[in-house]
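Working notes, structure below.
The values are calculated or read from the model by the stated rules, or taken from the named source; none is laboratory data. Predicted model, so just to flag it, every value in this text is computed and none were measured. Positions of Cβ are generated from backbone atoms using ideal geometry, with glycine treated the same way; all protein chains shown enter the neighbour counts. The protein model used for the area step is the full one, side chains on, heavy atoms only, and it has no ligands, DNA or RNA in it. Shrake-Rupley method; radii C 1.70, N 1.55, O 1.52, S 1.80 Å.
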Amino acid sequence: METLVAQKAACYHCGQPCEEDAFKVDEKDFCCFGCKMVYEILSENNLCEYYTFDKNPGITLRHIPEATFSYLDEVAIRRQLLEFDSAAFARVRFYVPNIHCISCIWLLENLQKLQPGVLKSEVNFSGKTVRIDYNPELVSLGKLANVLASLGYAPRVNLTKESRPVAPASRQLVVKLAIAGFAFGNIMLLSFPEYLGLNESDVTLQRLFSWLNLAIALPVTFYSGQEYFTNAWKSFRQRQINIDVPIAVGLLALLLRSTVDIATQSGPGYFDSLTGLVFFLLIGRWFQSKTYDSLAFDRDYKSYFPLAIQRWAHGEWRAAVVYDLEPQDLIRVRNMEIVPADSILKSSVAFFDYSFVTGESKPVKAGAGELVYAGGKLIGQPVELVVQKKTAQSQLTSLWNEAAFQKSNESVYKKIIDRAARRFTWIVLALALATGVFWFYYDTANMWLVLTSVLMVACPCALALATPFTYGNMLRVFGRHGFYLKNADVIERIASVNALVFDKTGTVTHGASTITFNGVLSPQEMGWIKSMVATSTHPLSALLAKQIVEKSDAAVTDLKEIPGKGIQAVIGGKHIRLGSAAFTGHEAHPATATRVFVTIDGLARGYFEIETLIRPEVKTLVTRLGNKVKALVSGDQPTEASRMRSVFAQPVQLLFNQSPHDKMNFISNLQQQNYKVMMVGDGLNDSGALQQSDVGVAVTDDTGVFTPASDGILAGPMLGQLDSFLRLAKKSTLILKTGFAISFFYNAIALSVAMSGFLTPLIAAILMPISSISVVGFTTLAVNWVARKEFKLNP
């Protein structure tokens, strides 16, 4: 089947000329053995669709050495590279600079069809990275890297620095911009005799300058402007039209017309306009990339939620924000808390639920000295760990945004933009055609300039920038005021909220005025109770842990916490239960305060009576929210119904004895009545309701408990500002619509002026990025202005 033929041909895989003897397979030519091998691999796995997205999409493998990545399997290096590692699941993120088109993305996201053991792969095109989940029992890390290299996507491994190198695409854009600017300046210099009317005195000099202008303009058109032609051609191949099509048509029209003018000696051409056009278009592209990078940076490092953890400092355990942790810090993680950073387990044994990372909720056992990865949730008694790597904020944020925790609501404004973008280019091309026909009969000499102006000035970029910059800026405003959202799309959903449901414990209530124990417990038994509640992150457990002064060194074993019911454990050989009356086997009696019952070896020993404090700002908040507040749902007994009614006036429903499933069903029933529901809870017993709601908000007070089901985390002291956040979300949609209007009116006015012949291509190219700058500037200033006004009026 395989033969050597002596012929000149383009490689079917990479498009490079086959200068030497080419390999031929299935009547297709390949420049080297590597390209042929990649084709055969794709063919064997029915993945030749790769070649339908683009012509010759592959990377040439002719001069790539057969590098080995076996060193990646060394334990120390493997630990440094992997984001997560276990017996049957591992995750690595490779930087792959050769990612350049849709074919690359398609191939790299189908690695599971090429290599057994690969579970999932996901490409970040702008960052040139691929994240791969795989089974280490079936494929090693070194083998995985070799597979990528064999496909022409060799990963660039950096073991010395954490910072990723500047993407080659960014450097290339700067080079193209510099060439276009250099050419633009020199062509204007050579055109001065033309501008001043002095060229008639020396025809030879005029001709020389004109041909020099053509020579200078060619690299600007086909190198600096290469991306516009490439994207336009790809869109044609995919039977789609994008915004680069009219730009490419305009550039080509100006070049051809100018070349004809010089060749026929009928004019000097429009090379100054052509090179200036490319120069200002590239400035606009550079500005857009920089603003997106700035927005992404701000998201990672300024709007990150302040997840807290207990750290040993100055002889005691103190709450610390996770991104303040440093290597070798000693931390304590309690039951249901998230491990914030890769750490070594100091305690003897523990179980961690890595569903936050892997999607599988089966607890994984870890022993003393073993590495525990960020994102694992502790199941059982508290453990101590030694931090190994500083917390990667972007890693925890990306875990929060995993597809498994996303809600199905699609952004309305994204749909509008997608629909507008698809139609926009066709409208521009139709207007350009009509304009060309009109000017052909009205003033043929100016037809090409007018036509190019029409093609250049229209731009949907401002429309595309309005949404990310409006919501992105509002995301930062929320973060600065203690409300941390999963992503910017949540703001759109908040704006549509017309019903709110509150949890009680830890949300409406926080802290306690008095705690008394009614019953009989010895000091030793009271110490056991303190050890039990210290393992829990429930607000009532935290109150009891502070109140009880007795201590015990007895080990807590067989710990189990049942959401909405209580805790059970074995301490000192005694079986202890702590929680509701039904859970502990007590008889329930009417009460005016919250009660936590205690049973030891099946015998009722008494109860703690806790007079919880209502957050002082909640009553006025509920009053301001008005009829949007639909219910208070709680898993507690209705002992505090009268106090809650003083906060939540009729017709707000007060629902007690609600299981997590009951809360979720209540939210679902409201949604069936066409309400857009925000659930406000503590994230402990109401994760199902948070996930079911349109917007789930977890209220937190110095705790490491974090549920990925929530859409936002609200600092407890900021609960009283919840109505301000709702109003700001609505105002952000108004700002967004205004940004849309600015973009629409810009295009309508600019197109009208261009079609009438009052706009040169050069001015059109300058106006194009200015439209984007105006929208970005407006949304940024407007968001910050309304935020300052809102929080000034409601401090």
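Placing a label point 7 Å from the Cα of SER70 along the Cα-to-Cβ direction, the residues of region 113-154 whose backbone N falls under 15 Å from that point are 140-147. Applying 0.36 nm per residue to the separation of GLU587 and THR259 and subtracting their alpha-carbon distance, the gain on full extension is 108.4 nm.
To the nearest 0.05, how large is the calculated FRET efficiency for LEU433 and LYS120 if R₀ is 56 Å and r is the Cβ-Cβ distance? Computed FRET efficiency for LEU433 and LYS120: 0.75. Across region 326-389, C-alpha contacts under 8 Å between residues 6 or more apart give a mean separation that, scaled by the residue count, equals a relative contact order of 52 percent.
Quick one: which of LYS546/LYS619; LYS676/LYS789; LYS377/LYS789; LYS619/LYS731; LYS28/LYS128; LYS365/LYS530 span more than 32 angstrom between C-alpha atoms? The partial results should precede the final answer.
Details: LYS546/LYS619 27 Å; LYS676/LYS789 27 Å; LYS377/LYS789 40 Å; LYS619/LYS731 25 Å; LYS28/LYS128 30 Å; LYS365/LYS530 26 Å.
The answer is LYS377/LYS789.
Rolled with a 1.4 Å probe across the full set of protein chains, the surface gives VAL556 an accessible area near 20 Å².
Per-residue SASA remark: HIS589, around 110 Å² accessible (1.4 Å probe; ligands, DNA and RNA not included). Gain on full extension, evaluated as 0.36 nm per residue between ASP558 and GLN524 minus their Cα-Cα distance, stands at 10.3 nm.
Please report the relative contact order for region 510-613, taking Cα pairs under 8 Å with a sequence separation of at least 6, and give it as a percent rounded to a whole number. Write out the running numbers ahead of the final one.
Working: 190 pairs, mean separation 31.0, N = 104.
Taking the mean separation of contacting Cα pairs over the length of region 510-613, I get 30 percent.
Across region 70-150, the mean sequence separation of Cα contacts (distance under 8 Å, 6 or more residues apart), normalised by length, yields a relative contact order of 32 percent.
If r is the Cβ-Cβ distance from SER347 to LYS574 and R0 is 25 Å, what FRET efficiency results, to the nearest 0.05? Could the numbers behind the result be given before it?
Numbers: r = 22 Å, r/R0 = 0.88.
So the FRET efficiency works out to roughly 0.70.
Each label point was placed 7 Å from the Cα along the Cα-to-Cβ direction; for PHE440 and SER43 their separation is 4.7 nm.
Please report, to one decimal in angstroms, the Kirkwood hydrodynamic radius of region 510-613 built from all distinct Cα-Cα pairs. Walk me through the intermediate numbers first.
On the way: mean 1/r = 0.0738 Å⁻¹.
Every distinct Cα pair counted, the radius reaches 13.5 Å.
Each part gets one Cα centre, and for region 537-555 versus region 651-676 those centres are 32 Å apart.
Arrange the peptides 732-745, 628-641 so that the one whose residues have, on average, the most other Cβ atoms within 10 Å appears first.
Numbers: 732-745: 18.3, 628-641: 20.4.
The peptides rank, most packed first, as 628-641, 732-745.
Modelled label-to-label distance, SER774 and GLN672, 7 Å Cα→beta-carbon offset: nm? For SER774 paired with GLN672, the spin-label model returns 5.0 nm.
Taking label positions 7 Å along the Cα-Cβ direction at both GLN172 and GLU137, the computed distance is 4.2 nm, reported to one decimal.
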